[in-house]
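Following: one structure in structure tokens, then a few remarks.
The values are calculated or read from the model by the stated rules, or taken from the named source; none is laboratory data. Remember, it's a predicted structure, so these values are computed and weren't measured experimentally. Cβ atoms come from the backbone with ideal geometry, glycine included; neighbour counts cover every protein chain shown. Calculation scope for accessible area: heavy atoms of the full protein, side chains included, ligands and nucleic acids excluded. Shrake-Rupley method; radii C 1.70, N 1.55, O 1.52, S 1.80 Å.
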Amino acid sequence: MYIAYLDEFGHVGPFVSRHHPEHQSSPVFGLSGFVMPASRVRSFGTWFFRQKQFLFTQEQEASRHHPATWEKKGSEFFTQGKIANRPWVRQTGFRLINQILKHNGVLFHVGMEKFRPPETANPTGLYRTVLAESMRRLDSFAHKRDEADLLIVLDEHSGRLRLIETCLKTMFGQDRPARHLAEPPYQVESHLYQTVQAADWLATLTGRLWTYRVRPEEYADYAWAETYFGKRLDAA
């Protein structure tokens with residue numbers, strides 16, 4: 001049994017340019033995270049939990065939440081300023097990738113560069129397309145791992161019921177059905193799942209990397225993602 005933990009990167013809404021007054025959120029959208037044998041998930045989750053305790057002790061204590069329910073968003077952690085001025089932030093990203101590999105996991109992402117003008121953009125359709133393609137690629141991954149069973153866990157989404165319907169059509173449809181998926185993807189609250197929080201960190205790195213790759217002139221300040229994480233993310 002393998003479990004895939006995924007979170008969104010980029011933004012699902014229309015995009016014109018970084019400096020457009022309305023449609024400037026992100027030129028890409030996708031799902032990113034990791035896939036890991038179910039037997040290694042608890043060990044990895046414990047490692048991630050301890051990393052947060054070590055790195056953010058004061059923030060956790062100030063929040064007055066139990067450490068197991070406290071979350072640090074990747075977008076708050078992996079920023080240009082911190083990457084440039086605090087080497088330990090970069091090292092934390094490296095350790096995250098290495099630990100996933102150490103636990104027999106692999107990184108995963110599926111995304112799209114946006115090309116539709118705002119008047120014809122379909123954010124819901126984009127999300128469904130990316131989700132369905134993610135399911136099919138993960139299904140292919142499971143098939144190559146001795147036809148293993150597969151579960152997918154996603155950060156919770158407001159359009160939950162419609163997305164489950166998309167998932168069921170992908171699982172049982174005639175066009176490349178996802179035969180190894182045991183159930184439709186589960187949607188959970190990220191602050192309660194260490195694994196989904198780890199996927200959020202990876203999604204931040206993936207989103208910054210591909211934003212830079214598709215629009216390097218507009219997003220020159222994201223060059224750090226290519227410099228420090230490009231080869232690492234590609235290789236893993």
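How much of LYS73 can a 1.4 Å solvent probe reach, expressed as accessible area in Å² and rounded to 10?
60
Run the 1.4 Å probe and let me know the accessible area of ASP146, rounded to the nearest 10 Å².
150
Is there a pair in LYS52/LYS102; LYS114/LYS231; LYS82/LYS114; LYS72/LYS231 whose C-alpha atoms are over 21 Å apart, and which pairs would that be?
The answer is LYS114/LYS231; LYS82/LYS114; LYS72/LYS231.
Determine the dipole magnitude for the chain: charges of +1 sit on the beta-carbon of Lys and Arg, -1 on that of Asp and Glu, nothing else is charged, the reference point is the Cα centre, and the result goes in debye to the nearest 20.
Working: 30 positive and 26 negative charges, 127 e Å.
Around 600 debye, computed over the chain.
Are there any GluC sites (Glu not before Pro) in segment 77-169 that are in a DSSP loop and have at most 12 other Cβ atoms within 10 Å? List them by number.
Listed in order of number, the matching sites are GLU147, GLU156.
Out of the total accessible area of segment 147-236 (probe 1.4 Å, heavy atoms of protein only), what percent is carbon and sulfur?
Answer for segment 147-236: carbon and sulfur cover 48 percent of the accessible area.
Take ASN85, project a point 7 Å from its Cα along the Cβ direction, then tell me which residues of segment 200-236 have their backbone nitrogen under 18 Å from it.
Correct set: 221-225.
If I model a spin label at LYS169 and ARG18 as a point 7 Å from the Cα along the Cα→Cβ vector, what separation in nanometres do I get?
3.6
Could you calculate, for segment 131-188, the ratio of the Cα radius of gyration to the Kirkwood radius, expressed as Rg to Rh?
Computed over Cα atoms, the ratio is 0.96.
Could you check what % of the DSSP bridge pairs in the chain are antiparallel, to the nearest 5?
Antiparallel bridges make up about 65 percent of those DSSP assigns within the chain.
Shape call for segment 90-211 from the C-alpha gyration tensor, a ≥ b ≥ c root eigenvalues: rounded (a/c under 1.5), prolate (a/b greater than b/c) or oblate?
oblate
If I stretch the segment between ALA38 and HIS143 completely, what's the gain in nm (0.36 nm per residue apart, minus their alpha carbon distance), one decimal? All intermediate terms of the calculation are to be shown ahead of the outcome.
Numbers: separation 105, 0.36 × 105 = 37.80 nm, distance 1.57 nm.
Separation in residues times 0.36 nm, less the Cα-Cα distance, equals 36.2 nm.
So for the chain, what are the equivalent ellipsoid semi-axes in whole Å, largest first, each being the square root of 5 times an eigenvalue of the Cα gyration tensor?
For the chain, the semi-axes come out at 26, 25, 17 Å.
What FRET efficiency, computed as 1/(1 + (r/R0)^6) with R0 = 35 Å and r the Cβ-Cβ distance, is obtained for THR227 and SER158, rounded to the nearest 0.05?
Working: r = 35 Å, r/R0 = 1.00.
The value I calculate is 0.50.
Tell me the volume per residue, in Å³, of the convex hull enclosing the alpha carbons of segment 149-232.
Enclosed volume per residue, from the Cα hull, is 156 Å³.
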